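Every number here is computed from the coordinates shown, using simple stated rules; none is lab data. A quick note: this is a predicted structure, and the numbers were derived from the prediction, not measured. Glycine gets a Cβ as well: all are built from the backbone with ideal geometry, and neighbour counts include every protein chain shown.
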Amino acid sequence: MLTKDLLRVSRAGGGYAPQFAGREHRPLAARVLGTFQGHVGEPRSELDAALADLEGEADHFKLVRGFAKLLDREAVFETRAAVPPERARRVAFESAERVGVVSESERERALERAGDRLAADPGEVADSLYADLDERQVLAEFEARWDPDQLLAQYNLSLAQTALFDATELRVRTSDPKALVSAVKRLRLMYEIRKTDGDERALSDREVVVTGPDALFRSTRRYGTRFARLLRTVAKADSWTLAATIDDYGTDRTLSLSDADPVRVPGVEPVGDVTFDSGVEADFAARFESLDFDWELTREPEPLETGARVMIPDFAFDYSPASVARGTSSDESDGEHADFRVFFEIMGFWTPEYVEKKLGQLESVEDVELVVAVDESLGVGEEIAARDHRAIPYSGTIRLKDVRDVLRRYEEQLVAESAANLPDELVPEADAISLAALADEHGVSEDAIEEKTFPDHERVGRTLVRPGVLAALRDDIEAGMAFSEAEAVLSERGIEDASAVLSELGFAVEWEGLSGGTIRPKK
């Protein structure tokens, strides 16, 4: 962005239109770029003087200053002095006190004394005294990311971003709504989505409405900077329209932009690099995914219809118990629990108006399981619970235990429902099958089959085995056999839990270091 003093807008007709640079300003952009390149190794004061000379040749002095502001961020200035300036000043002032400087000759004598103490010439001491002032710093390096055309594009983008800094509300329609909503959420902006009528420009029928920085009861530059950065994502779409309400010193004006305006992204600093900003979501996601829960965390799940509006929760929890994870995916399983989803919304430090909007959205969400983490400072936990959604209060960070407790209630409900749909007796077709594999076949968790009976099988550890198979194994496995050989025999019968079955057959494994083990009768 540019600083606000460099903003150029037209208020004709009560509007608020940024005065973009056009193709005719390309030579000026090239000259400003060349001025920086030509002053490498020279003091900033000389660079500033050269730029000031260009202002008289431009349509408006703010154009030159705007270009220079952007390029200044690419420049590296450094202090060059024979003696560190702070040390030079301290020693010179101490010498001046002793000499009692009044005349020029006394000043020279003070500098000579300071030079003696610093092992430097008096002239070097004099040059070092204020070498760290901005105007005396030297342009050491300058490698611009932009050529003249790209500088024009960056200027226009920055100008529009600066104009949006005073917005109370931003309304956007785009041909790439998914990228827009993703950017809004990653930048942690307050927003809602409204349905609109489609048109011939291939724009989405959903309008994203974002709360502007000037609407906050306590405007913060941090939020305003994130808000302005959203324009980068908007401008990357093939087609888009934007309308913003601008607080222009107490007067509401409308800023309207579209892909027809010269707002382009030069191709650096993509908003995709921005991940979690508030820290609450990032902290929660990192801690949740580090634990071994039977739930998979999904960021930015599908939108939820809330009347004439659309809501996109921050996360979704997909139930994925270990028995299912080892077998078919949740999409392939026939079990009810495998595709069970709980949405998760984090209500952070928002304005009262935005909280009221969110509460209205929650009230419109039907037939959806939704858990809401609520910043305790908002004081709306009871209102959320009254809307039949589970509320988890938090302060600073979201406690995983609170989330886990809520999800476990869902698990208990799902296990009970799954078990109720199964017969009391289960007769697997396989001669030997693990409980995990059987649960997978039925698309339920292992807990759902724990209390069932298996009339045709014996349960050995976590494996079901037909009695005839156990009888045959008693003939096939004998004492003195290598454990690896016994494992192969069991594997041929479809048995993976070798230890439990061998114990059932009356054997134990006598281990012989790293060389393996031998089957021996149990003592």
For the chain, what is the calculated [θ] at 222 nm in deg cm²/dmol (nearest 500), taking -39500 (n - 2.57) for each run of four or more DSSP H residues and dividing by its residue count?
-12000 deg cm²/dmol
How far is the Cα center of region 447-523 from the Cα center of region 1-54, in Å?
82 Å
Output the 0 to 90 degree angle, nearest 10, between the alpha-carbon long axis of helix 61-72 and the longest principal axis computed from the alpha carbons of the chain.
50 degrees
In debye, nearest 20, what is the charge dipole magnitude of region 432-521 about its Cα centre with +1 on Lys and Arg Cβ and -1 on Asp and Glu Cβ, if you could check?
180 debye
Angle between the Cα long axis of helix 26-38 and the longest principal axis of the chain, 0 to 90 degrees, nearest 10?
80 degrees
Pairing the Cα long axis of helix 148-164 with the longest principal axis of the chain, what angle in degrees results, from 0 to 90 and rounded to the nearest 10?
80 degrees
Work through the residues other than His457 whose Cβ is under 12 Å from its Cβ and net out their charges, Lys, Arg +1 and Asp, Glu -1.
-2
